Amino acid sequence: MTGKKPKAETITLPCLSARFRTKTEWEALTSDQIDLFNRVVVCRNYKAGQTIFLKDDPCKGLYVVEDGLVAVRKVDDEGQSAIVRLAHQGDTL
């Protein structure tokens, strides 16, 4: 996969909500820690099928799946892809 990725929608709502945190590793954080996290992170929404990052992209931080399903794919030189991981609500990439 080459080329530019479409821009994700940046949102100003808290990234980690109470609904999202339930039954994930994020549940262990205190309210103060969640408030701090929500103040310093940038939250983005991606559309279905939209590329989040590519193999050789520099790491820009932590990706948390708040809702939906994210397929992590490996693409060969001929453009064929295979799913190597499915990330669900609460998973981190």
The answer for the net charge of residues other than VAL41 whose Cβ lies under 12 angstrom from its Cβ, with Lys and Arg +1 and Asp and Glu -1, is +1
Provide the per residue accessible area, probe 1.4 Å, for the range 35-93, rounded to a whole number of square angstrom. 79 Å²
Taking protein heavy atoms only, a 1.4 Å probe, and rounding to whole percent, the accessible area of the range 30-82 owed to carbon and sulfur comes out at 48 percent
Going from most exposed to least, what order do TYR46, TYR63 have by accessible area with a 1.4 Å probe? TYR46, TYR63
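The values are calculated or read from the model by the stated rules, or taken from the named source; none is laboratory data. Small disclaimer: the values here were computed from a predicted structure and weren't measured. All Cβ positions, glycine included, derive from the backbone under ideal geometry; neighbour counts span all protein chains shown. Quick note on the areas: whole protein, heavy atoms, side chains included, nothing else; ligands and nucleic acids left out. Shrake-Rupley method; radii C 1.70, N 1.55, O 1.52, S 1.80 Å.
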